[in-house]
1. Would you check if there is a residue in the stretch 41-53 being open to solvent by 90 Å² or more (accessible area, probe 1.4 Å) and more than 29 Å from Gly89 (Cα to Cα)?
2. I'd like the full set of residues that are more than 14 Å from the chain's Cα centre (by Cα) and over 16 Å from Ala41 (Cβ atoms), limited to the stretch 103-135.
3. May I ask you to list the residues in the stretch 121-135 that are open to solvent by 70 Å² or more (accessible area, probe 1.4 Å) and either among the aromatic types (Phe, Trp, Tyr) or in a helix (DSSP H, G or I) (or both)?
4. Out of (1) part of a loop (DSSP other than H, G, I, E, B); (2) at pLDDT 95 or above; (3) not basic (Lys, Arg), the odd one out for Ser24 is which?
5. Which is assigned to a helix (DSSP H, G or I), hydrophobic (A, V, I, L, M, F, W, C), closer than 30 Å to Arg129 by Cα and in contact (Cβ under 8 Å) with a residue 40 or more places away in the chain, of Leu77, Leu110, Leu103, Leu65?
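The values are calculated or read from the model by the stated rules, or taken from the named source; none is laboratory data. All of these numbers come straight from a predicted model, not from anything done at the bench. Don't worry about glycine lacking a Cβ; one is built from the backbone with ideal geometry, like all the others, and counts go over all protein chains shown. SASA here: full protein model, heavy atoms, side chains in, ligands and nucleic acids out. Shrake-Rupley method; radii C 1.70, N 1.55, O 1.52, S 1.80 Å.
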Amino acid sequence: MKRLLMIAPLWLPWAARAHTLTASPAEQGAEPWVLALLALAMVLYAIGNARLYARARQSRLTLMLQSAFFAAGWMALLAALASPLDAAGSRSFAAHMVQHELLMIVAAPLLVLGRPLGVWIWAWPAGARRDVGAA
């Protein structure tokens, strides 16, 4: 047991890797589930935004501004997670950190300014919106 504890620090850094290096950067693409979730987020936002825009009269300008913020944040997510930067992040620590900074400093604030939760709720049918509101 004592020997096992002595060699444990040698395998811990290997277990903490952020990415696996199974393919060359040219072969790597975005994970299908990442693309599916990005597409779902945009589709739900577009549906909810269309429903809200039809009801809004005086707040249409605010809604358009929030939509622009969300779209910019979504594109930053796309650039960080589904571009050659993602493949480069598997090979280069600098590219990996650029990816993190793009997510934290660019995408996150823009998405928050887009206020997606309320818009996503409006993407669901009226009954589902009531159930979410009741919960």
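1. Step one: of the stretch 41-53, the residues open to solvent by 90 Å² or more (accessible area, probe 1.4 Å) are 51.
Within this subset, residues satisfying the condition of being more than 29 Å from Gly89 (Cα to Cα) are 51.
Checking the stretch 41-53: at least one residue is open to solvent by 90 Å² or more (accessible area, probe 1.4 Å) and more than 29 Å from Gly89 (Cα to Cα).
2. Within the stretch 103-135, Pro125, Ala126, Gly127, Ala128, Arg129, Arg130, Asp131, Val132, Gly133, Ala134, Ala135 qualify.
3. Just the residues of the stretch 121-135 that are open to solvent by 70 Å² or more (accessible area, probe 1.4 Å), to begin with: 124-125, 130-132, 134-135.
Scanning the stretch 121-135 gives Trp124, Arg130, Asp131, Val132, Ala134.
4. If we test Ser24 against (1) part of a loop (DSSP other than H, G, I, E, B); (2) at pLDDT 95 or above; (3) not basic (Lys, Arg), just (2) comes out false.
5. Working: Leu77 fails: in contact (Cβ under 8 Å) with a residue 40 or more places away in the chain; Leu103 fails: in contact (Cβ under 8 Å) with a residue 40 or more places away in the chain; Leu65 fails: in contact (Cβ under 8 Å) with a residue 40 or more places away in the chain.
Answer to the selection: Leu110.
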